[in-house]
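What follows is a single structure, written as structure tokens, with notes after it.
The values are calculated or read from the model by the stated rules, or taken from the named source; none is laboratory data. Please read all numbers here as calculations on a predicted model, not as lab measurements. Please note: Cβ atoms are built from the backbone with ideal geometry, for glycine as well, and neighbour counts cover all protein chains shown.
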Amino acid sequence: MPRRRYATNFACLVVVLVTVPTRAGETAEFAVTGLWQNKYITEGRDNLGNGGLLSLEGAAEWRGAAVGVWLATGDSESYDEVNIFLEKGFSAGALEGYLAYTRLEFLEDGEKDNELAAGLAWAGLPWLTPAIDYTYSTEADGAFLELSLRSEITLCSGQLVIEPYVLEGVDFGYASKDYDGPNHIQVGLDWTFPLTEQVEIVGAIAHSWALRDVAKDGMGDETWAAIGLALAL
């Protein structure tokens, strides 16, 4: 089963930002992210039969372009995954988007995959950001589509930032080779709370309702959470 990273679902972060001089006095940002979540859920499915996932990500970003590596291992089950990714963001007025490529390596079984992704979001509304994300897997020869609505709300005089969201996933031979169509509906809440100017506590909780595609694969609803720490220097 192809798997991919979901930044909006990963709430346990340890981030180190380092400014790197570039030409014309510009700077690049380097980020290192540590992650723990109690389940490894993607496309409404639990990818591990037991336990959660620990991961480490390193990425460099400059002028809207990012390159990085994501390493993951099961905390209870023998599982190892490596992703190498390239991403380029762009904007035109209130329209924001990205193009991405990811190389996936599943070390336990020796499987490999290549994914091409693209997404668009409309930031012109005051309280709501609609978005669409599309991913194609060469190994599965299939695609996965997500339609989402997200909002950012600041509370406690700017100290607490919460981001509730709702999304629907539609499978086109990506998560399941045998079925296509409505996959799952997911709601979640991401949040950040600063401890100091450099340190934030971050977290998330999410629930997924299985639709036809997940149910035909013999799987059901899922609930999971994540917690962590973000450090900026």
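Listed here are the residues, each with its yes/no results for (1) touching a strand residue (DSSP E or B) at 6+ places or on another chain (Cβ under 8 Å); (2) aliphatic (A, V, I, L, M); (3) surrounded by 17 or more Cβ atoms within 10 Å (Cβ to Cβ); (4) more than 27 Å from residue 105 (Cα to Cα).
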| residue | (1), (2), (3), (4) |
| --- | --- |
| 154 | yes, no, no, yes |
| 172 | yes, no, yes, no |
| 178 | no, no, no, no |
| 189 | yes, yes, no, yes |
| 195 | yes, yes, no, yes |
| 202 | yes, yes, yes, yes |
| 220 | yes, no, no, no |
| 226 | yes, yes, yes, no |
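From the residues in the stretch 56-88 that are without any contact (Cβ under 8 Å) to a residue 60 or more places away in the chain and touching a Phe, Trp or Tyr at 6+ places or on another chain (Cβ under 6 Å), which one is surrounded by the most Cβ atoms within 10 Å (Cβ to Cβ)?
57
Has the stretch 73-81 got at least one residue that is farther than 27 Å from residue 151 by Cβ, touching a Ser or Thr at 6+ places or on another chain (Cβ under 8 Å) and outside any strand (DSSP E or B)?
yes
Among the residues of the stretch 42-61, write down those that are assigned to a strand (DSSP E or B) and within 18 Å of residue 102 (Cα to Cα).
Filtering the stretch 42-61 down to residues assigned to a strand (DSSP E or B) leaves 42, 45-46, 53-61.
Within the stretch 42-61, 42, 55, 56, 57, 58, 59, 60, 61 qualify.
Find all pairs meeting these conditions: Cβ atoms under 8 angstrom apart; at least six residues apart or on different chains; first residue within the stretch 119-143 and over 16 Å from residue 165 (Cα atoms) and in contact (Cβ under 8 Å) with a residue 60 or more places away in the chain; second residue assigned to a strand (DSSP E or B) and polar (S, T, N, Q).
137/114; 139/114
Just one of 115, 96 is within 23 Å of residue 65 (Cα to Cα), assigned to a strand (DSSP E or B) and more than 16 Å from the chain's Cα centre (by Cα); which is it?
Values: 115 fails: more than 16 Å from the chain's Cα centre (by Cα).
Result of the check over 115, 96: 96.
Which of the residues that make up the stretch 160-204 are within 19 Å of residue 37 (Cα to Cα), among the β-branched types (Val, Ile, Thr) and without any contact (Cβ under 8 Å) to a residue 60 or more places away in the chain?
Start the filter on the stretch 160-204 by keeping residues that are within 19 Å of residue 37 (Cα to Cα), which leaves 162-165, 186-193, 200-204.
Restricting the remaining residues to those that are among the β-branched types (Val, Ile, Thr) gives 162, 187, 192, 201-202.
162, 187, 192, 201, listed by residue number.
When the residues of the stretch 89-111 are filtered to those that are exposed (fewer than 13 other Cβ atoms within 10 Å of the Cβ) and charged (D, E, K, R), which remaining residue is farthest from residue 37 (Cα to Cα)?
Applying the first criterion (exposed (fewer than 13 other Cβ atoms within 10 Å of the Cβ)) to the stretch 89-111 yields 90-95, 108-110.
Adding the requirement that they be charged (D, E, K, R) leaves 108-109.
Details: 108: 20, 109: 22 Å.
Once the filter is applied, the top-ranked residue is 109.
What are the residues in the stretch 168-214 that are aromatic (Phe, Trp, Tyr) and within 23 Å of residue 139 (Cα to Cα), if any? Working first, answer last.
Keep residues of the stretch 168-214 that are aromatic (Phe, Trp, Tyr), which gives 172, 174, 179, 191, 193, 209.
Those that are aromatic (Phe, Trp, Tyr) and within 23 Å of residue 139 (Cα to Cα): 172, 174, 179.
For the stretch 138-204, which strands (runs of 3 or more DSSP E) that fit wholly inside it have 1 or more residues that are farther than 21 Å from residue 42 by Cα? Give the steps one after another, and end with the answer.
Working: elements: 142-150, 153-155, 160-172, 180-194.
In the stretch 138-204, 153-155, 160-172, 180-194 are the strands (runs of 3 or more DSSP E) which contain 1 or more residues that are farther than 21 Å from residue 42 by Cα.
In this structure, is residue 214 buried (at least 20 other Cβ atoms within 10 Å of the Cβ), in contact (Cβ under 8 Å) with a residue 12 or more places away in the chain and not in a strand (DSSP E or B)?
Numbers: buried (at least 20 other Cβ atoms within 10 Å of the Cβ): yes; in contact (Cβ under 8 Å) with a residue 12 or more places away in the chain: yes; not in a strand (DSSP E or B): yes.
Judged against the criteria, residue 214 is a match.
Please work out which one of (1) surrounded by 13 or more Cβ atoms within 10 Å (Cβ to Cβ); (2) acidic (Asp, Glu); (3) at pLDDT 95 or above is the condition residue 141 fails and give its number.
Tallying (1) surrounded by 13 or more Cβ atoms within 10 Å (Cβ to Cβ); (2) acidic (Asp, Glu); (3) at pLDDT 95 or above, residue 141 fails exactly one: (1).
Which residue is farthest from residue 213 (Cα to Cα), if the candidates are limited to the stretch 41-55 and must be free of Cβ contacts under 8 Å to residues at least 40 places away in the same chain and hydrophobic (A, V, I, L, M, F, W, C)?
54
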